[in-house]
Amino acid sequence: MSEFSLRTQLVAAGLAERKLDAFLVAFSPNLQYLSGFTGSNGNLIVTAESCTLFTDPRYTIQAQAETHCRVKIVKGPLVKGVNSAIRKVGVKRIGYEPARMTCDVFEAIKSDLPMRASLMPIGGWIEELRMVKSPAEIDAIRRSVNTNSQAFEYAIARIKPGISEQDLAAELEYRMRRFGASKPSFDTIVAAGERSALPHAHPTAARIQAGLVVIDMGAIQDSYCSDMTRMLFAGVPDAKAKRAYQAVLEAQLAAIDAVRPGVKVAKVDAAARDVLKGYELDKAFVHSTGHGLGLEIHEPPRIGKKDKTKLQAGMAITIEPGVYLEGFGGIRIEDTVLVTDTGCEILTPTPKDLRLI
Ligand code: ZN
Ligand code: ZN
């Protein structure tokens, strides 16, 4: 039995305890996770007995090839097909994903429901299933991570100070594709000098001169994401840059050291923060320590103070503490890490030294 039919069966088996007759999925990553369908327009209805994928005529051939679910091709808005199936099958309580559906679609389905049928909000169910990756998913993440690192190595070995942030970002993304990625998992960040203090900077036409350069990049390969941040230094780093780099590196290693099954993610976050506190740099660490990744670049759990999740073997997460000093620059170091039965495995093969260019 395929991985996808196991997943839809798991959802079918979980309907009763949620007092549902059917579950409706319209959010692409959840839909792909359950059905295997990679098209951009689809709705999936899972009942105790069946799963049905609704999509439009552009995907007739693709849907048949990708999914084990019954495929219904709908001309016009998919909700028409969804509503007629709801009427035909006679399901009464239909679960939907409130954070993942537009108000338009919700209203369209609701306004056409048969008598005594209702929509029940069920949030985070599929996202929770997605947190623990299967061996096939882990293999895909590994391939994505390796391609991403290969692209970084290739590009960095061939650049010199004077290249613009935009050109370096373009080069990294091009190499990623040449090495096997379908696309970047987010817009590549290249930020030099004082701009490196912006955690989510967009590359500009500015040329990389002296100072820190942050590169945050990820690939999508076989639908799965990778994520890595590395630092370059153009010229010779001064004592302040060296000290801050050492602090972030120690924080990152301490957080990785805390990753093992059964540990609360808040503890991993605290491990990074404690190290930075020792350097009096904790206030310059303005985001959480990491996030889950898989079909999406940001998935649960969030490796932060407030998340209650306990790590489990098979979770893929990032560990990425950083410090951001206005007028000076920022430093972040990020790996993709797999939680294993005994601890964790750092999937990212790229060395973590501050690279001089
Ligand atoms: Zn990143
Ligand atoms: Zn990240």
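Matching residues to (1) in contact with a helix residue (DSSP H, G or I) (Cβ under 6 Å, 6 or more places away or on another chain); (2) under 18 Å from residue 212 (Cβ atoms):
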residue: 138; (1), (2): no, no
residue: 141; (1), (2): no, no
residue: 184; (1), (2): yes, no
residue: 195; (1), (2): no, yes
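From the set of residues in segment 206-255 that are part of a helix (DSSP H, G or I) and within 15 Å of ligand 1 (Cβ to nearest atom), which is farthest from the chain's Cα centre (by Cα)?
248
Filter segment 52-93 down to the residues that are under 29 Å from the mean Cα position of the chain (by Cα) and at pLDDT below 95 and list them by number. Give the derivation first.
Of the residues in segment 52-93, the ones under 29 Å from the mean Cα position of the chain (by Cα) are 52-56, 58-71, 77-79, 82.
If the condition is that a residue be under 29 Å from the mean Cα position of the chain (by Cα) and at pLDDT below 95, then 77, 78, 79, 82 are the ones that fit.
Could you identify the single residue in 36, 42 that is free of Cβ contacts under 8 Å to residues at least 40 places away in the same chain, closer than 19 Å to residue 86 by Cβ and in contact with a helix residue (DSSP H, G or I) (Cβ under 7 Å, 6 or more places away or on another chain)?
None of the others qualify; the one that does is 42.
List pairs: first residue in segment 197-218 and on the phi < 0 side of the Ramachandran plot and modelled with pLDDT under 95, second residue of a type in the set (A, V, I, L, M, F, W, C) and within 12 Å of ligand 2 (Cβ to nearest atom) anywhere in the structure, Cβ distance under 6 angstrom, at least six positions apart or on different chains.
From residues that are on the phi < 0 side of the Ramachandran plot and modelled with pLDDT under 95, the pairs are 201/189.
Does residue 235 fit the bill of being closer than 16 Å to residue 357 by Cβ, modelled with pLDDT under 95 and either crowded, with 17+ Cβ neighbours inside 10 Å or within 16 Å of ligand 2 (Cβ to nearest atom) (or both)?
It is false that residue 235 is closer than 16 Å to residue 357 by Cβ, modelled with pLDDT under 95 and either crowded, with 17+ Cβ neighbours inside 10 Å or within 16 Å of ligand 2 (Cβ to nearest atom) (or both).
Please determine whether any residue of segment 131-150 is among the hydrophobic types (A, V, I, L, M, F, W, C), surrounded by fewer than 21 Cβ atoms within 10 Å (Cβ to Cβ) and free of Cβ contacts under 8 Å to residues at least 40 places away in the same chain.
No.
Just to check your reading of the model, which residue among 314, 294, 327, 304 is modelled with pLDDT under 95 and away from ligand 2 (no atom under 11 Å from the Cβ)? Talk me through it step by step, then tell me what you get.
Numbers: 314 fails: modelled with pLDDT under 95; 294 fails: modelled with pLDDT under 95; 304 fails: modelled with pLDDT under 95.
Only one candidate passes the filter, namely 327.
The values are calculated or read from the model by the stated rules, or taken from the named source; none is laboratory data. Because the structure is a prediction, the values reported are computed rather than measured. Cβ atoms come from the backbone with ideal geometry, glycine included; neighbour counts cover every protein chain shown.
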